[in-house]
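I have placed the structure first, in the form of structure tokens, so that the comments after it can refer back to it.
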Amino acid sequence: MTAEVAALTGRIAAGPSALLRAEVLLPQLRFELDNLLPHYLAIERVLVLEYHRMGVLTDADAAAVAHALSTVDKVTVDAAAQGMADIAFGVEGAVHAWLGEVPPAWHVDRSRNDLQATAQKMYGRDRVFAVVAELVDLVRAVHRLAEREIATVMPGYTHAQPAQVMTAGFYFTALSEQLLHSLDRFAALLGVFAECPMGAGAMTGGDLGWDRDRMAALLGFRGGSGNALRAVAARDWPLEATAELCLLGVPLSRFVTDVMTWAGAGYGFLDLPDELSGISSAMPQKKNFPVLERLRARTARLAGGFVEVAMAQRGTPFANSVEVSKEASAGVPATFDDAGSVLRLLRAVLDSLVLRADRLRAACAAEYLGGFGLANGLCLGAGVPWRQAQVVAGRYIVAAMARGLPPGEPDGALLEDIVRDAGFPLADGHELLAEAFDLDRALAAKRTAGSTGPGPVRSLLDRQRAELAQAEKWWAGQRAEVDGGRRRADRLLADLLSCDEGGRR
């Protein structure tokens, strides 16, 4: 039996094999040292405060352990963890190495299960805050673009066919509204991080009188009195967080698809700067936009991250296990990384995107996008019943196209004849057509809240900016609550460390 193993357990006589260390334990340790160590140390400091509060550790012993913890870093934990390649044992070993002899009751009534669950939850909470910050920045970028292009006319499409005239500002406020919806969902997601697992122990709670709510508050959580088994078994935050990232990625992929389509030579509606463009190795005339392809592909990885967690968790027992706590969530950091990348890249695209207003207007002018407005005008202005007005409008468009007439050259007499054939009088077909097919008049006619008219779009922008400001304030409050708990723990530790060797101040 190696000395390192003998110091930790009497159940097995040998440490992990070289294969197990290389394939599993050391990669896990590397990740945890780089990403979770600050959280493990924060938890250990709060445990010292609890031991001291319960009288398990004297003033001097608690101060000694707290001081030893302040010296722990990646190097010392790495060195101390080599026997079992485990971060919790590594922290324990680093403290032991510093003190020489640790207080006998330190780590009594403790388990790695709630310790690990809490550290991972703190890590996940930080990742959510980081994604939300990126999401807020993206909403601002969309608002800048929507404001800039609020009067830029463009075709709106249904079933991949030109349908109605709209503005680019209107389109992009749809994107920002979708992002604000995602921001609301992330606010709900934060609720899964409200309960702290500490004090749950291995699965059934502790024998000592741990104040779970106090520990939770000092670690930035709302509470810690939930069911002990669920606290270590559920591991619901990786599942729910990746689900939200997936739900963010799906609509973003659809918006990116629009941008990809409009950037194609068949449309030529927009351009990106050379810094965000690519070239062909063989066709010198081409300017490609692979950044858009990468963006859309990375949104697929967000869905993949959720599926990985869901498939790895399903069918496992509702208890703590390495399968759920580590293997099932192994891809979660990469999913958060991909989400941040998508949000940053999309922000860069939108900040530098140049719309070709001339081509957008020409595309609108080439299509009979006012057909819906013409049917409305026939019904409301000429008394043609609505369904018959649809038929009449369609007949006019077919006849005008057969004569080679563009939408901007209305033939009032032709419309009057078609309406008369349908059994209704029409005095001024030219004015009705001009009202329907003049692009700017068609936009001005849209007055409904949330519509593409200039007034409604400005109202949308104003409302969305107010929602964003409110959301930012709320998230800042949540961050302050988390940080406030940690600062309180730091103050309590500072008081503890001010004790002298005799336990007096």
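The numbers here are math on the coordinates, done by the rules we state, and not lab data. Model, not experiment: these values are computed from the prediction. For neighbour counting, all protein chains shown are included, and Cβ atoms are generated from backbone atoms with ideal geometry for every residue, glycine included.
How tilted is helix 236-263 with respect to the longest principal axis of the chain? Cα atoms for both, answer in degrees (0 to 90, nearest 10).
The two axes meet at around 30 degrees.
Just for the chain, what percent of DSSP beta bridges are antiparallel, to the closest 5?
90 percent
For a footprinting-style exposure proxy, rank Trp474, Trp98 by other Cβ within 10 Å, fewest first.
Final ranking by Cβ density, sparse to dense: Trp474, Trp98.
Multiply the residue separation of Ala434 and Asp137 by 0.36 nm, subtract the distance between their alpha-carbon atoms, and state the gained length in nm to one decimal.
So the extension gain works out to 102.7 nm.
Straight-line reach from Lys121: which lysines fall under 25 Å, measuring Cα to Cα and dropping same-chain residues less than 8 apart?
Hits, sequence-local ones excluded: Lys74, Lys326, Lys473.
Run the numbers for Val322 and Arg487: contour at 0.36 nm per residue of separation, minus the present Cα-Cα distance, in nm.
56.2 nm
For the stretch 366-444, with the dipole built from +1 on Lys and Arg beta-carbon atoms and -1 on Asp and Glu ones, taken about the Cα centre, which of Ala442, Gly394, Leu369 lies farthest toward the positive end?
Gly394
I want to check the label-to-label distance for Ser280 and Ala300. Put each point 7 Å from Cα in the C-beta direction and report it in nm to one decimal.
Going from the Ser280 label point to the Ala300 one covers 2.3 nm.
Ranked highest first by the average count of other Cβ atoms within 10 Å around their residues, in what order do 228-238, 174-184, 398-408 fall?
228-238, 174-184, 398-408
Using the charge dipole of the chain (Lys, Arg: +1 at Cβ; Asp, Glu: -1 at Cβ; taken about the Cα centre), state which of Val75, Val128, Gln464 has its Cα farthest towards the positive end.
The listed residue farthest towards the positive side: Gln464.
Would you order Ser111, Ser225 from fewest to most other beta-carbon atoms within 10 Å of each residue's own beta-carbon? Provide the component values of the computation, followed by the final result.
On the way: Ser111 18, Ser225 13.
Ordered from fewest to most neighbouring Cβ atoms within 10 Å, Ser111, Ser225 come out as Ser225, Ser111.
Let me know the charge dipole size of the stretch 1-157 about its Cα centre in debye, to the nearest 20, where only the beta-carbon of Lys, Arg (+1) and Asp, Glu (-1) is charged.
Roughly 380 debye for the stretch 1-157.
In nm, to one decimal, how far is the modelled label at Thr58 from the one at Asp421, with both set 7 Å along Cα→Cβ?
About 10.7 nm separates the two model spin labels.
Work out how much length Phe31 to Ser352 would gain on full extension: take 0.36 nm times their residue separation and subtract the Cα-Cα distance, in nm to one decimal. Provide the component values of the computation, followed by the final result.
Working: separation 321, 0.36 × 321 = 115.56 nm, distance 3.57 nm.
Contour length minus Cα-Cα distance gives 112.0 nm.
Under a no-solvent Debye model with one identical scatterer per Cα of the chain, what's log10 I(q)/I(0) at q = 0.08, 0.09, 0.10 Å⁻¹?
With one equal scatterer per Cα and no solvent, log10 I(q)/I(0) is -0.67, -0.77, -0.87.
Helix 168-189 versus the longest principal axis of the chain: what angle, 0 to 90°, nearest 10, using Cα atoms?
With both axes taken from Cα atoms, the answer is about 30 degrees.
Of Pro385, Thr204, Tyr40, which is farthest towards the positive pole of the chain's charge dipole, taken about the Cα centre with +1 and -1 on the beta-carbons of Lys, Arg and Asp, Glu respectively?
Of the options given, the answer is Pro385.
Could you compute the FRET efficiency for Phe129 and Leu20, with r as their C-beta to C-beta distance and R0 at 41 Å, rounded to 0.05? Before the final figure, lay out each step's value.
Details: r = 35 Å, r/R0 = 0.85.
Once rounded, the FRET efficiency stands at 0.75.
Binning every alpha carbon pair distance of the stretch 366-415 at 10 Å from zero, what are the percents per bin?
The distribution over the stretch 366-415 is 27, 57, 15, given as percents.
Hey, quick one: spin label on Asp184, modelled 7 Å out along Cα-Cβ, who in the stretch 442-467 has an amide N within reach, i.e. under 19 Å?
449-451, 457, 459-467, by backbone N distance to the label point.
Return the FRET efficiency for the residue pair Val391, Lys473: r is the Cβ-Cβ distance, R0 is 51 Å, and the value is rounded to the nearest 0.05.
After rounding, the FRET efficiency stands at 0.45.
Give me Ile418, Ile87 ranked fewest to most by other Cβ atoms within 10 Å of their Cβ, as a rough exposure proxy.
Fewest-to-most Cβ neighbours within 10 Å comes out as Ile418, Ile87.
Scan around Gly156 for amide H atoms under 5 Å from its own, H built in the peptide plane at 1.01 Å from N, and keep only partners 5 or more places away or cross-chain.
Ala163, Gln164, Val165, Met166
Taking Cα atoms, how many degrees apart are the long axis of helix 412-421 and the longest axis of the chain, rounded to 10 and kept between 0 and 90?
90 degrees
Over all Cα pairs of the stretch 3-113, how is the pair count split among 10 Å bins, expressed in % and running from 0 up to the last occupied bin?
Taking every Cα pair in the stretch 3-113, the percentages come to 14, 45, 32, 8, 1.
Would you please put 129-136, 158-165, 245-252 in order of how densely packed they are, using the mean number of other Cβ atoms within 10 angstrom per residue and starting with the highest?
Sorting 129-136, 158-165, 245-252 by mean packing, highest first, produces 245-252, 129-136, 158-165.
What does the charge dipole of the chain about its Cα centre add up to, to the nearest 20 debye, if the Cβ of each Lys and Arg holds +1 and the Cβ of each Asp and Glu holds -1? Don't jump to the answer; show the numbers that get you there.
Details: 52 positive and 61 negative charges, 88 e Å.
It comes to approximately 420 debye.
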